[in-house]
Amino acid sequence: MSAPDRPTPVRYPVRYGSPDPSDPDATASTATERRCPVCQTDTVAARARYCSDACKQRAYRLRQATSAPVELDALTADLRRRRALVAQTVYECPACETRYLGEQYCPDCHTFCRRVGPGGACPHCAEPVAVSDLLPDAPGGRMPTR
């Protein structure tokens, strides 16, 4: 007598990431999902996360990388070179303390605004935000003169 063709049950399917043997679509979907997150190679073993030690090391270095500090002088020089310094500079009215992006004159108080520093519009509220407001290492809005 021969035994009927039944899939062999896995003792801890969640722990080892094995597909549910009763689900016919599970084996097909896990075969396409087993990719190396670094190089996107399809040849990753069932319990491995990366395809090679080199990819494993690269992923570790990417996780541990620190971002380079922003140098406001270099940013200002780049904006000046592209002739976009005034358009990307945040100004603040000394009387009403309203901030403007690229406008050097306050239309309400009829006074010239002081320069805060390079910046842009906030993506959430569309208010002008200076780089020095966002970064703790940046100097307090001091920019070299044009």
Qualifying strands (runs of 3 or more DSSP E) (wholly inside the range 74-134; at least 2 residues being in contact with a Gly (Cβ under 7 Å, 6 or more places away or on another chain) and surrounded by 13 or more Cβ atoms within 10 Å (Cβ to Cβ)):
89-92, 114-121, 128-130
Residues in the range 55-109 that are closer than 20 Å to Cys125 by Cα and not aliphatic (A, V, I, L, M) total 12
From the option list Thr41, Thr76, Thr89, single residue qualifying as among the β-branched types (Val, Ile, Thr), over 25 Å from Val131 (Cβ atoms) and modelled with pLDDT under 90 is Thr41
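The values are calculated or read from the model by the stated rules, or taken from the named source; none is laboratory data. As the structure is a computational prediction, the values presented were derived from the model and not from experiment. With ideal geometry, Cβ positions are generated from the backbone for all residues, glycine too; neighbour counts draw on all protein chains shown.
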